[in-house]
1. Taking the options Ala33, Ala18, Ala27, name whichever one is closer than 27 Å to Gly164 by Cβ, within 10 Å of the ligand (Cβ to nearest atom), at pLDDT 95 or above and not in a strand (DSSP E or B).
2. Within the stretch 90-103, is there a residue that is touching a helix residue (DSSP H, G or I) at 6+ places or on another chain (Cβ under 9 Å), closer than 28 Å to Asp3 by Cβ and at pLDDT below 95?
3. Would the stretch 52-75 turn up any residue that is over 18 Å from the mean Cα position of the chain (by Cα), in contact (Cβ under 8 Å) with a residue 12 or more places away in the chain, assigned to a loop (DSSP other than H, G, I, E, B) and surrounded by fewer than 17 Cβ atoms within 10 Å (Cβ to Cβ)?
4. Go through (1) at positive phi; (2) not in a loop (DSSP other than H, G, I, E, B) one by one and return the number of the condition Gly9 breaks.
5. Output the number of residues of the stretch 54-87 satisfying the condition of being near the ligand (Cβ under 10 Å from one of its atoms) and either over 20 Å from Ala27 (Cα atoms) or among the charged types (D, E, K, R) (or both).
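The values are calculated or read from the model by the stated rules, or taken from the named source; none is laboratory data. Note that the structure is predicted; figures quoted are calculated from it, not measured. Cβ atoms come from the backbone with ideal geometry, glycine included; neighbour counts cover every protein chain shown.
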Amino acid sequence: MVDAAARKGVTLDINVFAESTHTAEEAAAAVGAELGQIVKSLVFVAPRGDASIEPIICLVSGPNRVDVARLAAVSGEPDVRRATANEARELTGFVIGGIPPIGHPRALRVIMDPDLGRFPIVWAAAGTPTAVFPVPPATLRMLANAHVAPICEERRQADVLAEGAGLANPPAPQNAGA
Ligand code: 5CA
């Protein structure tokens, strides 16, 4: 990973923590960043005619969720699906919770959530469940050779706020119909 970045002239600053950065929430707490600044590297697969599968990595902002129908449209892969944990490990060479956005054993298709571009710095996994690195999103895009496209679910603002407040049942929006 570090070598792959260095070949493109970028020095990565890997931060290793005593505590877990396995989930986006844990990573955000460890680095003291907003959840939105955490890059989830999620593995999807598209079946090939010859019974093999092609991996597609989605780089997604912490609170966001991939909408598989959108990913299918953006990638041109109608049968794309989430990889299993075993598939993710075999295809990327890394275990879930530490899968990095770059530096995989072979070049993978990478699609990036535009929401990551809202932050000056984002944090991504560095290959293990206790290591992350900060990077400007434009640099991440260049290093990963990522295609930036809308692949996430549209979320109601009320749901986002309720989630942040830890509410199971979000209150009705005050400006309904506005
Ligand atoms: N180190 C953190 C922050 S950078 C990290 O890697 N987060 S992550 O989101 O990219 O990786 C955890 C994600 O793996 C979870 O969000 C979840 O979507 C996915 N995941 C967890 N278990 C499984 C599983 N059994 N099969 C497929 N995906 C899984």
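1. Step by step, each of Ala33, Ala18, Ala27 is checked, and only Ala27 is closer than 27 Å to Gly164 by Cβ, within 10 Å of the ligand (Cβ to nearest atom), at pLDDT 95 or above and not in a strand (DSSP E or B).
2. yes
3. No, every residue in the stretch 52-75 fails to be over 18 Å from the mean Cα position of the chain (by Cα), in contact (Cβ under 8 Å) with a residue 12 or more places away in the chain, assigned to a loop (DSSP other than H, G, I, E, B) and surrounded by fewer than 17 Cβ atoms within 10 Å (Cβ to Cβ).
4. (2)
5. 6
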